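Have a look at the structure below before the remarks.
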Amino acid sequence: MTKDELRTSSEQLENLASGIRRCVACRLHESRRHAVPGEGPASAGIVLLGEGPGGKEDATGRPFVGPAGRYLDKLLENQGLTRKRLFITNCVKCRPPENRTPRRDELKTCTSLWLERQLELISPKLIVLLGQVAARQMLGDTATLSDWHGKRVSHNGRNYFVTYHPAAALRFDWVADTIRADFDVLGKLLARLADLP
Ligand code: SF4
């Protein structure tokens, strides 16, 4: 990407973020305090994709800033990564009430209106799917974490890596062990990122 192209993509990404902050396309806008568009450079080779904002994210408008976000930062740090190289976002950009799971129509509306456009602009080499909701949204209803975690999956011309959501690792020791092992695999994959199609 040339400097001019990068500047244009960054501006377009910011325009999308402005649109997300004003969006009223699904019922989730009714209870949000802040929409959470996501953060990171337009040149990011990797996108981390979660389910939706939680309480801290809703309060601040920033992605993964609560306990799960701090846990995610440690997982990244163990692989020599910082957020500066990544784009971090969610399938839905507004917090579902009581932290419920986003509904199918909300996911469909938000991903088609916003997420797909963000991904087209960034065109990442790899999209890391954090948790079952993100995995099913991007890979289809047959995606199960127990079978697919820790693996790279090619789907519709994109490269994905599936793992658990960091929030689940805070609740269950076995998920914490699994997600650490998955991130070790991810670290090795990222070292070969330039070789991915
Ligand atoms: S969740 Fe997405 S589609 Fe729904 S109001 Fe928020 S930004 Fe718009």
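The values are calculated or read from the model by the stated rules, or taken from the named source; none is laboratory data. Note that the coordinates shown come from a computational prediction; the quantities given were computed from them, not determined experimentally. Ideal geometry is used to build each Cβ from the backbone, glycine not excepted, and the neighbour counts take in all protein chains shown.
See the values below:
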quantity: Qualifying residues in region 126-147 (those that are in contact with a Lys or Arg (Cβ under 9 Å, 6 or more places away or on another chain), more than 9 Å from VAL162 (Cβ to Cβ) and assigned to a loop (DSSP other than H, G, I, E, B)) - the one modelled with the lowest pLDDT; calculated: THR142
quantity: Residue check, VAL65 more than 16 Å from the ligand (Cβ to nearest atom), part of a loop (DSSP other than H, G, I, E, B) and more than 22 Å from LEU121 (Cβ to Cβ); calculated: yes
quantity: Whichever residue in region 1-60 is hydrophobic (A, V, I, L, M, F, W, C) and assigned to a helix (DSSP H, G or I) and, among such residues, is farthest from VAL133 (Cα to Cα); calculated: LEU6
quantity: Qualifying position, being among the acidic types (Asp, Glu), touching a residue at least 24 places away in the same chain (Cβ under 8 Å) and within 18 Å of ARG103 (Cβ to Cβ), among GLU30, GLU51, GLU39; calculated: GLU51
quantity: Count - residues of region 1-53 that are within 16 Å of the ligand (Cβ to nearest atom), among the β-branched types (Val, Ile, Thr) and more than 19 Å from the chain's Cα centre (by Cα); calculated: 1
quantity: Qualifying residues in region 92-101 (those that are in contact (Cβ under 8 Å) with a residue 40 or more places away in the chain and surrounded by fewer than 24 Cβ atoms within 10 Å (Cβ to Cβ)) - the one nearest to the ligand (Cβ to nearest atom); calculated: PRO96
